[in-house]
Amino acid sequence: MSVVPSDVQRGSHVTVVAACAVLAAWSATAMVASLLARSIGTRVEPSLRLVAALALSGVGVLGWDGGCARWERLPGLVVAGVGTGIGNAALGALAVTAVPPDGSALGSGATNAARYLGAGGGVALSLALLATGPTAGAGWRHAVVASATLCGLGAAAVGLCTARGADAPGRARGDRIGGPFRA
């Protein structure tokens, strides 16, 4: 997301404020989706919400490959914003339910560390891929495809870990993600 405004500014020759206004669509949608995710509550397990969020984010990212015009990216940013909002809400729930009750601080800290590492790595990867194409548009397509692929792989990994966690004795399907912090 950090790369979107600079690419829009460069491609559309607009001011920084106008380029950032495009990104505001993602930010606002993510905030609203995060607040509304509480209404989903216990009807859908957090791990399944995370799978859906990653899938939505990947689909939204693919919508950005329409060129550098400011508003061509709006539908993709809105879809990715819904995925981000649902994903952020699900991560908070998973951070405390995937560890024993006395380890909720560990779960929360591990989640935040992973998010920051992912964000830093994502920006670095996006910038590196932007430089790979013979034109700015070609590099942008490389970054879009890589981002969407990583979202898809993340959704598959969470889905597989969820299925593996359901195999544990006494666990309902989707109850917790399997992994090193399982109780």
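The values are calculated or read from the model by the stated rules, or taken from the named source; none is laboratory data. Every value quoted in this text rests on a predicted model; they were computed, and no experiment measured them. Using ideal geometry, Cβ is built from the backbone for each residue, glycine included, and neighbour counts are taken over all protein chains shown.
Quick look at the values:
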{"item": "Criterion violated by ALA80 - all others in (1) closer than 17 Å to ALA119 by Cβ; (2) out of contact with any helix residue (DSSP H, G or I) (no Cβ under 7 Å at 6 or more places or on another chain) satisfied", "result": "(2)"}
{"item": "Considering residues of the range 1-57 that are touching a Cys at 6+ places or on another chain (Cβ under 8 Å) and over 28 Å from THR97 (Cα atoms) only, the residue surrounded by the most Cβ atoms within 10 Å (Cβ to Cβ)", "result": "VAL8"}
{"item": "Only listed residue being in contact (Cβ under 8 Å) with a residue 60 or more places away in the chain and in contact with a Ser or Thr (Cβ under 8 Å, 6 or more places away or on another chain), chosen from VAL78, VAL123", "result": "VAL123"}
{"item": "Any chance SER147 is surrounded by 20 or more Cβ atoms within 10 Å (Cβ to Cβ), more than 12 Å from the chain's Cα centre (by Cα) and in contact (Cβ under 8 Å) with a residue 24 or more places away in the chain", "result": "no"}
{"item": "Subset of the range 97-116 that is in a helix (DSSP H, G or I), touching a residue at least 24 places away in the same chain (Cβ under 8 Å) and not basic (Lys, Arg) - its residue that is farthest from LEU50 (Cα to Cα)", "result": "GLY103"}
{"item": "Only one of GLY137, GLY152 that is within 26 Å of GLY11 (Cβ to Cβ), modelled with pLDDT of 90 or more, in contact with a Gly (Cβ under 8 Å, 6 or more places away or on another chain) and assigned to a helix (DSSP H, G or I)", "result": "GLY152"}
